[in-house]
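Have a look at the structure below, then the notes.
The values are calculated or read from the model by the stated rules, or taken from the named source; none is laboratory data. A quick note: this is a predicted structure, and the numbers were derived from the prediction, not measured. Cβ atoms come from the backbone with ideal geometry, glycine included; neighbour counts cover every protein chain shown. To get the accessible areas, we keep the full protein, side chains included, count just its heavy atoms, and leave off ligands, DNA and RNA. Shrake-Rupley method; radii C 1.70, N 1.55, O 1.52, S 1.80 Å.
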Amino acid sequence: MLQKLRNFGTRTATVGIGKNQSFSSLKSSQPFVKSITGNVKYFTDRPHPGQKKEEDPQKLPQYVRRAEEVFPKDFLKLNQEVVHSKEFSEIDEVFFFINGRKSNEITEDQLMNAIQVFTDSKEERDYHKLVYSYPFKHLLTLVRDNTEALTSIDHLYNVAFFGYTYYVSDNSFWHSIERHFVSKLKIVEPEMMIKFLYLFSFQQKGSPDFYSMIESTLKSNLDSFTLNQVTTIAGSFYMAQMGRRSLFERLQQHILSYDNKEFTMEDVLLTAMAFHAIPTTSPQLHSKLEELMERHFTDEDVPNVLKCTAFLAKSRVLSPKFCGKLERFLTPRLNDLFIDDFENVLTTFIFYDIVGNRPFYQDVQKALLKHLPDMRCRHVTQAVATFFKLQMGDRATFFKKLEDRCLDFLNDPYLSISDLLEIQKTYCFTRVGTRNIYKGLEVVVSNLFPQLKENRQAYVQVYEVYRRTGMCSQ
């Protein structure tokens, strides 16, 4: 393997998984045998994890775009007067109305009513099936083409909120909203600016000029804002990775001036998110955040408290006293946490080496095995590294279960390069794995040579890890 990596770039690797071979055999007691017979399988056309391949509507068969194939048959029997009116009550009515219509054939009131129906009905439909459908894309086109003709800022906000609700990533959609917003900037109230700021930052959209204009306007009105508006401004500029240091310093002063009783859990979360990575954040704000989190040590606020502690743990600013209280609060609740909340526990107490009591880590270890089937690759590998560092866990039981989970990731055809690097780095440096995990890694690296060729940085990392640890065949 090491020789192949050295020679990479001068020839193409020819060894991979055999036609009838799978990684599931690595878990068996039989020795691992690498076959070079059969067809070599390269995952060169695999989609990115978590993403679905979008179909080009122009390449779809004509019958797919017919209304009879898009809408339920019983819906076609509805009274045409209802369908062609400007009042809609269901998503199917909207789709039937816009079918075949051009951008200049729909009024502003009809467009707003259609958007409102979608905003109110998101939970009633299969999200992925809906947003990848041709009628929904046609609706986005109608909205985008008519955005700059909207006569009201409230209507423009409804369009932005629609894009926020359905996670619209189309840049042209957000550019049209931004252009219209900037053209009416002089008449937009500061409170409405904050709403637009949050929607754009959440979607990671908007130009630097857009944020700069909003910043200059909001800085002159900070004294008139409520606590929730101040924390929303701070959180929004953090999500967008925008905002000058002077803005955050002024926001910090305003937040410190409020009494603890005025903070909601949302305010605490936005503050922790916005200021955890800013070097100039004062120790007074960190202490204030710890006091505020202690006030929310309740069962219903567990998810948000853990999100806050995960943010602050990244900056290593949590005090040992607070961590002790957090341990006592979480210990009886570890087995009942949802997977996202448990991952935040790992982030807080394991990823950033926060000192914890050994009995607490033992409880985390037991809960980890319960959540293991649903955990992501990054959290499994970090757990391996941390418990190895703590010298906790038996290799034949605890670490073997973690290794089997990592083999599941290697067997996944949608395995990403970043997950592969995490598994390789963890097991090569800790050396806690069996022969199966190291042989499995070599096979996957061989199969992913085409992707590594395109990602030179990842290739160098793979080679350096093998060179420094020697945990591969020559």
Enumeration of residues in region 346-376 that are farther than 16 Å from Phe388 by Cα, open to solvent by less than 10 Å² (accessible area, probe 1.4 Å) and at pLDDT 85 or above: Ala367, Met375
Selection from region 450-474 of residues that are open to solvent by 10 Å² or more (accessible area, probe 1.4 Å), assigned to a helix (DSSP H, G or I) and in contact (Cβ under 8 Å) with a residue 60 or more places away in the chain: Pro450, Gln451, Lys453, Tyr459, Tyr463, Arg467
Within region 368-408, tally of residues that are closer than 22 Å to Asp340 by Cα and outside any helix (DSSP H, G or I): 2
Cβ pairs under 8 Å, 6+ apart, first in region 356-382 and free of Cβ contacts under 8 Å to residues at least 60 places away in the same chain, second of a type in the set (D, E, K, R) and open to solvent by 80 Å² or more (accessible area, probe 1.4 Å): Leu369/Lys401; Leu372/Lys401; Thr381/Lys425
From Asp404, Asp412, residue being free of Cβ contacts under 8 Å to residues at least 12 places away in the same chain and open to solvent by 10 Å² or more (accessible area, probe 1.4 Å): Asp412
Per-region count, region 390-401, residues within 23 Å of Arg468 (Cβ to Cβ) and surrounded by 18 or more Cβ atoms within 10 Å (Cβ to Cβ): 1
Residue in region 312-323 that is small (Gly, Ala, Ser), crowded, with 17+ Cβ neighbours inside 10 Å, farther than 17 Å from Met392 by Cα and at pLDDT below 85 present: yes
Test result for Glu215, part of a helix (DSSP H, G or I), over 17 Å from Val143 (Cα atoms) and acidic (Asp, Glu): yes
Qualifying residue in region 418-425 (condition: touching a Ser or Thr at 6+ places or on another chain (Cβ under 6 Å), acidic (Asp, Glu) and open to solvent by less than 50 Å² (accessible area, probe 1.4 Å)): yes
Residues that are in a helix (DSSP H, G or I) and either among the hydroxyl-bearing types (Ser, Thr, Tyr) or surrounded by 16 or more Cβ atoms within 10 Å (Cβ to Cβ) (or both), drawn from region 426-440: Thr426, Tyr427, Cys428, Thr430, Asn436, Ile437, Tyr438, Lys439, Gly440
Of residues in region 287-304 being in contact (Cβ under 8 Å) with a residue 24 or more places away in the chain and closer than 23 Å to Asp374 by Cβ, the one least open to solvent (accessible area, probe 1.4 Å): Val302
Restricting region 256-286 to residues that are over 23 Å from the mean Cα position of the chain (by Cα) and open to solvent by less than 50 Å² (accessible area, probe 1.4 Å), the residue that is modelled with the lowest pLDDT: Thr281
Test: Met213 is modelled with pLDDT of 90 or more, open to solvent by 30 Å² or more (accessible area, probe 1.4 Å) and touching a helix residue (DSSP H, G or I) at 6+ places or on another chain (Cβ under 9 Å): yes
